[in-house]
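Computed from the coordinates by the stated procedures, all read-outs in this text should not be read as laboratory data. Because the structure is predicted, anything quoted here is derived from the model rather than measured. Glycine also receives a Cβ, built like all others from the backbone with ideal geometry; neighbour counts cover every protein chain displayed.
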Amino acid sequence: MAAIDGASPGLARRAAPVLVGVAAIAVAVALWQGAAEWGFISTFTAPSPSDIARSFPALFTEEGLVRRFFQTFAETFLAAGFAVAIGIPLGWWLHRQPLAGLAYENWIGGFAGAPLVVAYPLFLVLFGRNTGTIVVMSCLSGLPAMVLKTKEGLDGTRRVLINVGRSFGLRPSAMFWKIMLPAAIPTIANGVRLALIFALINVVGVEFLINFGGLGELIDDLAQRWELPAMFGAILFVILTSVAFFWATGKAEKWFRPHG
Amino acid sequence: MAELMATLPLAARGRFGLVTLIRAATLVLLWALWEGAARSGLFYAGALPSSFTIAAAALDLFVMPAFYYNLGVTVLEVAAAMAIGVASGISVGLALGASRFAGKAFEPYLQYLAPAPKIIFLPVFMVMFGIGPGSKVAIGALSCFFPMVLSVIAGVRQVDPVLLRVGRSFQLSLAQTVAKIYLPALLPPIATGLRLGLGVAIIGTLLSEIKMSNRGLGFLIMQDYGRFDIAEMYAVLAVIFVLVTLANGVIARCLRMKGRG
């Protein structure tokens, strides 16, 4: 191990850990398949990987996986969109009013850590079992990140840039649009990413809990019908799409960061 | 608090007083809005009860033996989930953090899986452990594992290499290196992981109870929802929020005390 760590970097050397990681997963899947084939685990409770793979076509043709995927992501973008639309002005206001910032910043931080999703029966009572509940809850989960990151970004604008703006006699609105907002964009982009991630987690979670909507509902439906291979397949699909989504938002966020 | 105030300059003290005033005014305003909405007749009274009704329901809750039984069940489930999540998180974190090769091989999977919604694993855990406390503990442990393991990996990478070289020069065994160098140096990241892990373990456990269970605070919420006893449901939710805030506060205070000490 020390020899590998100390050697000069090369393609093979960089690829080695990745290959080991992939191989470890392949071995785990093979062991699972073997255990299912030889009866060490009951396929009634833990279907084999090959059964799960075979369930995928039916997920697309019979369970409307593509439609559900778009529904879940539409809800996610809608919720995150509301969080951005409300969060940026709120963050700007907390930045402009330092006393309000001092008074509410900790509260908003505390709200971010509160187990809001546990209160979903309350939202069911207020909004009903529909997309509204999913979007409102997911928006609220992403809102604190958006507010705090906007405030952080605006607070962090370099003093020298503000002084340059003043020396040019910029009006407050021009100062905001031409100096403060562009300087805060990387931090705000981080907030947008966090809002999207929190929104997606909540959308899938609430869909699963209230048995309504897209991918989350599909998992719950399949579990209730005891269609375990398809259920495992749907869970795998949700994980893969989540991972792809986090990766894509991470790349998009990097694009907004200053280069060089 | 008085000692802290005395050390502040006059202007800061005035600011502190204003902030407290704004907070108090906000709370009063929120309460007035709630009461106004509840009494306006615009909303169904059952869905938006008066704050006095909720307070009365909370008082009733505190004299109900069933509340303490369900609270005890949830606390035990969360404690078991934390024990499993923390122990496995520290072990895996130490292994992946100490070996750069293993870290590169497996850490990306952990990084990407960490934010995935864990509640979707509930049907799998129900199949494996049944609908009793086992599946709730499993979801809680899985939720707690990720913040803990990622915190520990980051912490291990920040351990001063000089300490490790000193350990090697004293010919410490692996167990001694872990016990005498890694764990003391890792206390802050472990505490951070603990704080983050506790929050998500509580959420995971409660959501599992809400989804399907016959005991615990989550079950109590669903029971109230089923009976449309909304005032009591608000009261249980308020108790949960207060307990989570207190638990977070206790850990944060311990962290600050450790930092000062």
Estimate the FRET efficiency between A:GLU37 and B:LEU174 by the formula 1/(1 + (r/R0)^6), using the beta-carbon distance for r and 35 Å for R0, to the nearest 0.05. 0.40
Among the trypsin sites (Lys or Arg not before Pro) in segment A:88-191, which ones are in a DSSP loop with at most 12 other Cβ atoms within 10 Å of the Cβ? Mind listing them? A:ARG158
What number do you get for the protein assembly as shown when its Cα radius of gyration is normalised by 2.2 N^0.38 Å, N = residues? 1.07
Taking the Cβ of B:LYS211 as the center, what net charge do the other residues with Cβ under 15 Å away carry, scoring Lys and Arg +1 and Asp and Glu -1? -2
Angle, helix A:228-256 long axis vs. longest principal axis of chain A, Cα atoms, 0 to 90°, nearest 10? 30
What residue among B:LEU164, B:LEU220, B:LEU76 has the largest mean-square fluctuation in a Gaussian network model of chain B, using Cα springs under 10 Å? B:LEU164
Given Cβ charges of +1 for Lys and Arg and -1 for Asp and Glu, the option among B:ALA45, A:PRO186, B:VAL92 whose Cα lies farthest towards the positive end of the dipole of the protein assembly as shown is A:PRO186
Just rank A:PHE198, B:PHE125, B:PHE170, fewest to most, by other beta-carbon atoms within 10 angstrom. B:PHE170, B:PHE125, A:PHE198
What does the average come to when, for each residue of peptide A:219-225, you count the partner chain Cβ atoms lying within 10 Å of its Cβ? 3
Average partner chain C-beta neighbours within 10 Å, per residue of A:161-170? 0
Neighbours of A:VAL192 by Cβ distance under 15 Å: Lys/Arg at +1, Asp/Glu at -1, summed charge +4
Please find, in a Gaussian network model of chain B (springs between Cα atoms separated by less than 10 Å), the residue of B:ILE119, B:ILE190, B:ILE181 whose mean-square fluctuation is greatest. B:ILE181
Select from B:LEU30, B:LEU96, B:LEU237 the residue whose mean-square fluctuation is largest in a Gaussian network model of chain B (Cα-Cα springs shorter than 10 Å). B:LEU30
Over chain B, calculate the relative contact order: mean separation of alpha carbon pairs under 8 Å at least 6 apart, over the residue count, as a percent. 24
The protein assembly as shown - mean residue ellipticity at 222 nm from DSSP helices (-39,500 (n - 2.57) per run, n ≥ 4, rounded to 500): -27000 deg cm²/dmol
Taking B:THR53, A:THR61 and counting other C-beta atoms within 10 Å, the order from fewest to most: A:THR61, B:THR53
Let me check I've understood the local charge: for A:GLY142, count other residues with C-beta under 11 angstrom from its C-beta, Lys and Arg +1, Asp and Glu -1. What total comes out? +2
Would you tell me the mean number of C-beta atoms belonging to other protein chains that fall within 10 Å of each C-beta in A:119-127, as a whole number? 5
Do you know the relative contact order of segment A:58-256, to the nearest whole percent, from alpha carbon pairs under 8 angstrom that are 6+ apart? 28
The Cα extents of chain A along the principal axes, largest first and rounded to whole Å, are 78, 62, 31
Going by C-beta contacts inside 10 Å, put B:GLU107, A:GLU105 in order with the fewest on the left. A:GLU105, B:GLU107
Partners for B:LYS136 among aspartates and glutamates (Cα-Cα distance below 14 Å; same-chain residues under 8 apart left out): B:GLU77, B:GLU209
What list of whole percents do you get for P(r) of segment A:1-119, with Cα-Cα distances grouped in 10 Å bins up to the one holding the largest distance? 10, 17, 16, 21, 24, 10, 1
Longer than 31 Å from Cα to Cα, which of A:LYS251/B:LYS104; A:LYS151/A:LYS251; B:LYS118/B:LYS180; A:LYS149/B:LYS211; A:LYS178/A:LYS254 are they? Say none if no pair is. B:LYS118/B:LYS180; A:LYS149/B:LYS211
Helix by helix through chain B, keep the DSSP H runs that span 24 Å or more along the axis on Cα and average at least -0.5 on Kyte-Doolittle, and give those back in order. B:10-40, B:65-98, B:133-157, B:187-211, B:230-260
So for segment A:136-256, what percent of the C-alpha to C-alpha distances run longer than 24 Å? 47
Reciprocal mean inverse distance between Cα atoms of chain B - Kirkwood radius, Å: 21.6
What's the Cα-based Rg to Rh of segment B:45-148, Rh via Kirkwood? 1.17
